[in-house]
Amino acid sequence: MPATTHPAGDFVVMDNPRHAWAAYEPDRDHPWDLKCAAHLYRRTAFAGTWLQLQQAMRDGPHQTIDRLINPPREQVDPFNQQHDLMEAAAANSIEQLRAWWLRRMITTPDPLTEIMTLFWHNRFAVRADRAGSGRVMLGYLRLLRAQAMGQYGPMLSAAVRDPAVLKGYDAEANRKAKPNNHFARRLLRRLGPGDGHYTKADVAAAARSMTGWFALRGNARFIEREHDAAAGSSDDLVRHMLADRATAEQLARDLYRWLISDVDPPATLIEPLIEALYPGYHIKPVVEMMLRSNLFFSDVAYRHRVKSPVELAVGLIRSLEGLVPTEPLGRDLTALGHDVLNPPTAAGWPHGPRWINTISLLGRADIVGSLLAAKGPYEGKLDIAPDRRDATFVLNLLVQNDLPDAAANALLADAAPDHLRQLIHAVCCLPEYQLA
Amino acid sequence: MFRPLSLLPAAMVFVLTASIACAQTAAPAADWIPDTALIVLEVRQPQTLVDYAVDSSLSQAMQSSPQWQQAKAQPNYAKFQQGVAFFERLLETDWRAGITGLTGGGVTLAVLGEDQVVMIADAADVRLLNRLHNTLSIFAQTAAANKGQADPMRTWQHAGINCYSFNATEAHALIDNRLVLASRAAILERVLDLRAGHGEGVMSSSVGYRAALQASSSHDQAAAFTYVNVAAVKQNPTVAAGLNQGIDNPLAALLLAPLADAARQAKWLAATLDVRDQALSMITTTDAHTPAANALTSFAYPSSPDGALANLNTPRRLAAMSFYRDLHAFYAAKDELFPQRTSGLIFFENMMGIFFTGRDLTDEVLGELEPHIRLVVAEQTWPNGRAPQVKLPGFAVVFQMKNPDRFSLVAEEAWQKALGMVNFTRGQQALPGLLIDRPTYAGIKYTSAYFSDAGATSGSDDTRFNLRPCIARVGDHLILSSTESLTCDLIDSLKRESSSPAKAQPSRHSLIEVDGAQLGSILNANRDTLIRKNMIEKGNTQAQAEGEINMLITIVRAIGSARVEVGSRDNHPQITLQLAPAK
């Protein structure tokens, strides 16, 4: 990873969790500036537009984070209402559903919810091609979105009885005579306490708790006679999972990797997050705590996450305030290994440096080139605004002058006002731009 | 910026001193075009085509659409209008009269090769042509002078004619009332050499061109004529490879093999375009010959007076197709037509082997069918069933059986086997299956299959309700239809035919008709779906998507009806296209 220096400096002591998670207050040594604003927007909104970044610099971190966590309902509700209708109508095709989700990521006034929906989807890792139909997948995504910043308990309770999860986990028939241990193990391993925190007996008990649940014709149904009443209900199972502090620890570590850094934190740094999560599992306060923290605005987090292909593409589109065809975008992202409705494994997508290799770097350059091309599948719809045709502006918007002087000067020297798309492409291929 | 008034004195001087070639009678444009040209387009009645482009119902519909009005409100359109108005004032004419004045004697466009184009326009008003030439010359000079640059216009003489060029991609000359405009100076000089009787052969003496003219002589009043030197075009390696590749897909081969065969044989192609009463017709013919009776593609060529039957008429018909295809002869020649057995062909044979167990597909199945095949596509209704969100049209194919009493039962058995296989496969995927029914309509008992809507939840996975497959026998006709409403309409239509049999179109092997109004209707029924698709396919906002789809519906409705006939005339392949305006 390139060495990028955050203006706030290395002021977080990793072995001082209290200071790390304390709210960041700008001061002379750790000022709130364009880099801070862009960093916040990358993690919570894929990327910020120039106007959003300017507004954030004026408003400061508190007000900006308030706005990102609690976006104005008068904008969000009508948007969601209209988008929900569009998605529902398109749900007979998985490809169209994928395109509508990408479009939602690009246009939503509540991008943090989409980022968190993607987080949960990565965690549950249900594949659309296993779920069987777009309508089932849509219901599952709606469940994740509705609870993305809510409470883990109700989400998990609903999810284990969701037809997409049942089918996606090979558990469409949970019979009393043959409890599905594979399903139970996957629940405990990925959504519960994690490996090392459950026994074979726990797996067997969890599988018995889920008996009676079937996915039939795209709907989840509970058939009483197939349920092992002695084993407790699915809600009992969820209560049991949540009661284990290890569940909170696993969730806290996942949230840390999603919002702070690809580098695993020491246990001491995670402990305050676990305390915040356990036992209520309220997500929003924990996310808020992380976003407001000194740690979030420190070198530990700054450009210390590799962007996924979706973050790369959607971030660029949002930065440039564009709107592109999302059907081809879905296909191109799939070619890069990020089919947004089909996580490749039960553990979701790879994360961190595993997104980057020689081939994928070329693929990332290709997708950016394609998005910016005057012709082709994206129809030349992505470009810099006519009143912003300035090379320095491009660097400020996309990399906030995180480049070494020599690199920045070389880019500026080659940049012609009529060929800013080439400059954008060059910037987006830089190592710095691959980092969120 | 141009300053028109300050240019007028200079323009007057230029007009007086301009050297225009001495008057002489202009030869046909084809006398000035090299016989090596790949394509020659002769617009004999430019005014007719301009009138069609501007006044036709299609054009009117587009111009009255909100999207057109929005486009007109754009600043660029206003600039364009100002430019046109400026020239109208300068040339003292309106633009339509101007086009007539400049091209009234006809326009000929010839493509000699890549980036090698020449246009020869015969003006009806020679003064207008000269005035335009002089004005453009002065504008170019003035624009260059304003930038401190030299006069961009180069002038020279070739074959006794004054030649002019503004840049490397343009050269022109004025000869009497004729403008010769070429994409390069060398091409212009080549044309002038031909005019002077020097050099290579001319198009008007070319054997192919003369034959093409002769073949189109019955349409010598056509508004436009096109000659394509197919033999030369086929020298292009890509074209040659495409033609030699053949058609791997059996269905595509069944439909298109006659055309591919004609393209392989042809040395030239001629097309005429005519406009009468706002109806546009185009006739295309080639020098290829219809194949001999034992040729591989003879399955598509009827012996006169046989041919494709007149299309079936049904309510809400979007399109109808009628083909003359001898399926028995086609399939008997499959090893020669498709020497490489593709996976698709193997799958087809496996399936047919299951459906028609114990029967030879060539002789005992396809051999039972007459070569008259008709297809109908129609908007469907859902009087008793659930209307799906995405409304697909119904489609049906109608075969004529040689031994209807025997073969209709064979077909029914195969159809039910296929249905069983569909149900089994859907059952494996936990999807609802089809239920079989045996209703009667107009005295005809037919078999239909439908999806029950009992227990179906509201949602978007209701596309299956577009299908209600049916099989029916009416006399010696066998109907295979995707919907029940179309089946009933076809029963009515075929019953009408029993009293007045459909006429064969002699020497026509394909007959296709499309109804624009009905097509517009089904597009309109799916408007919301199309808008949503447009938004994610093209990245448009909802307003932009609505604009594009509305425009599409408007255009389709205004097209009226289209009819394509493919067959042969005087033993040569011929395609006729007719577009009639919406009523």
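Just a few scattered comments:
- Scanning the stretch B:554-569 for residues that are modelled with pLDDT under 95 and touching a Lys or Arg at 6+ places or on another chain (Cβ under 6 Å) yields one hit, B:Gly567.
- If the condition is being surrounded by fewer than 20 Cβ atoms within 10 Å (Cβ to Cβ), under 21 Å from the mean Cα position of the chain (by Cα) and of a type in the set (S, T, N, Q), then the stretch B:555-573 contributes only B:Ser561.
- Within the set B:Ser408, B:Ser448, the sole residue that is closer than 23 Å to B:Ile491 by Cα and either within 14 Å of another protein chain (Cβ to nearest Cβ) or in a strand (DSSP E or B) (or both) turns out to be B:Ser448.
- Residue that is farthest from the chain's Cα centre (by Cα), among those in the stretch A:347-382 that are open to solvent by less than 50 Å² (accessible area, probe 1.4 Å) and closer than 24 Å to A:Leu255 by Cα: A:Trp355
One line per residue, one yes/no per condition, for (1) assigned to a helix (DSSP H, G or I); (2) small (Gly, Ala, Ser); (3) within 16 Å of the chain's Cα centre (by Cα):
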{"position": "A:Leu97", "(1), (2), (3)": "yes, no, no"}
{"position": "A:Trp101", "(1), (2), (3)": "yes, no, yes"}
{"position": "A:Ile106", "(1), (2), (3)": "yes, no, yes"}
{"position": "A:Leu112", "(1), (2), (3)": "yes, no, yes"}
{"position": "A:Thr117", "(1), (2), (3)": "yes, no, yes"}
{"position": "A:Trp120", "(1), (2), (3)": "yes, no, yes"}
{"position": "A:Val126", "(1), (2), (3)": "no, no, yes"}
{"position": "A:Arg130", "(1), (2), (3)": "yes, no, no"}
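- Residue check for B:Ile471: more than 25 Å from B:Pro439 (Cβ to Cβ) and not polar (S, T, N, Q): no
- Taking every residue in the stretch A:413-427 that is at pLDDT below 90 and pairing it with any residue that is of a type in the set (Gly, Ala, Ser), at least 6 positions away or on another chain, the pairs with Cβ-Cβ distances below 7 Å are A:Ala415/A:Ala391.
- Flag if A:Pro344 is more than 14 Å from chain B (Cβ to nearest Cβ) and either among the aromatic types (Phe, Trp, Tyr) or open to solvent by 10 Å² or more (accessible area, probe 1.4 Å) (or both): yes
- Considering the stretch A:306-326, the residues that are more than 9 Å from chain B (Cβ to nearest Cβ) and assigned to a loop (DSSP other than H, G, I, E, B) include one that is most open to solvent (accessible area, probe 1.4 Å), namely A:Glu321.
- The stretch B:506-524, subset closer than 30 Å to B:Pro305 by Cα and of a type in the set (Gly, Ala, Ser), residue most open to solvent (accessible area, probe 1.4 Å): B:Ser507
- Residue in the stretch B:195-216 that is farther than 22 Å from B:Gly113 by Cβ, of a type in the set (A, V, I, L, M, F, W, C), touching a helix residue (DSSP H, G or I) at 6+ places or on another chain (Cβ under 6 Å) and touching a residue at least 24 places away in the same chain (Cβ under 8 Å) present: no
- Candidate set from the stretch A:327-341 (those that are open to solvent by 20 Å² or more (accessible area, probe 1.4 Å) and in a loop (DSSP other than H, G, I, E, B)); member that is farthest from the other protein chains (Cβ to nearest Cβ): A:Gly337
Yes/no matrix, rows are residues, columns are (1) buried (at least 17 other Cβ atoms within 10 Å of the Cβ); (2) in contact (Cβ under 8 Å) with a residue 60 or more places away in the chain; (3) more than 23 Å from B:Ala418 (Cβ to Cβ); (4) touching a His at 6+ places or on another chain (Cβ under 6 Å):
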position: B:Asp306; (1), (2), (3), (4): yes, yes, yes, no
position: B:Asn311; (1), (2), (3), (4): yes, yes, yes, no
position: B:Pro315; (1), (2), (3), (4): no, yes, yes, no
position: B:Ala320; (1), (2), (3), (4): yes, yes, yes, no
position: B:Phe330; (1), (2), (3), (4): yes, yes, no, no
position: B:Glu336; (1), (2), (3), (4): no, no, yes, no
position: B:Pro339; (1), (2), (3), (4): no, no, yes, no
position: B:Asn350; (1), (2), (3), (4): no, no, no, no
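- Residues that are farther than 29 Å from B:His372 by Cβ and at pLDDT 90 or above were ranked within the stretch B:259-279; the one that is surrounded by the fewest Cβ atoms within 10 Å (Cβ to Cβ) is B:Lys267.
- Pairing residues of the stretch B:251-264 that are without any contact (Cβ under 8 Å) to a residue 40 or more places away in the chain and under 11 Å from B:Ser510 (Cβ atoms) with residues that are open to solvent by 20 Å² or more (accessible area, probe 1.4 Å) and of a type in the set (Val, Ile, Thr), at Cβ distances under 8 Å and at least 6 apart in sequence or on separate chains, gives B:Leu256/B:Ile247.
- Filtering the stretch B:499-553 to residues that are within 14 Å of chain A (Cβ to nearest Cβ), at positive phi and modelled with pLDDT under 95 leaves nothing.
- Only one of B:Ala449, B:Ala502, B:Ala472 that is touching a residue at least 40 places away in the same chain (Cβ under 8 Å) and hydrophobic (A, V, I, L, M, F, W, C): B:Ala502
- Applying a threshold of 8 Å to beta carbon distances and a minimum spacing of six or more residues, or different chains, the list of pairs starting in the stretch A:127-151 at a residue that is away from chain B (no Cβ under 14 Å) and ending at one that is open to solvent by 30 Å² or more (accessible area, probe 1.4 Å) and among the hydroxyl-bearing types (Ser, Thr, Tyr) is empty.
- Exactly one residue among A:Ala146, A:Ala171, A:Ala164, A:Ala184 is open to solvent by less than 10 Å² (accessible area, probe 1.4 Å) and closer than 24 Å to A:Met86 by Cα, and that residue is A:Ala164.
- Failed item in (1) farther than 30 Å from B:Arg508 by Cβ; (2) open to solvent by 30 Å² or more (accessible area, probe 1.4 Å); (3) more than 14 Å from chain A (Cβ to nearest Cβ), with B:Gln429 passing the rest: (3)
- Every pair of residues 6+ apart whose Cβ atoms lie under 8 Å, when the first sits in the stretch B:526-554 and is closer than 18 Å to A:Gln82 by Cβ and among the hydroxyl-bearing types (Ser, Thr, Tyr) while the second is at pLDDT 95 or above and not in a helix (DSSP H, G or I): B:Thr541/A:Leu323
- Filter pass, B:Leu129 being over 27 Å from B:Leu41 (Cα atoms), of a type outside the set (Phe, Trp, Tyr) and crowded, with 19+ Cβ neighbours inside 10 Å: no
- When the test is whether a residue is in contact (Cβ under 8 Å) with a residue 12 or more places away in the chain, open to solvent by less than 20 Å² (accessible area, probe 1.4 Å) and within 14 Å of chain B (Cβ to nearest Cβ), A:Phe214 passes it.
The values are calculated or read from the model by the stated rules, or taken from the named source; none is laboratory data. Note that the structure is a prediction, hence the values are computed from the model and not measured. Note that each Cβ is placed from the backbone with ideal geometry, even for glycine, and that neighbours are counted across all protein chains shown. Accessible surface areas use protein heavy atoms only, side chains included; no ligands, DNA or RNA. Shrake-Rupley method; radii C 1.70, N 1.55, O 1.52, S 1.80 Å.
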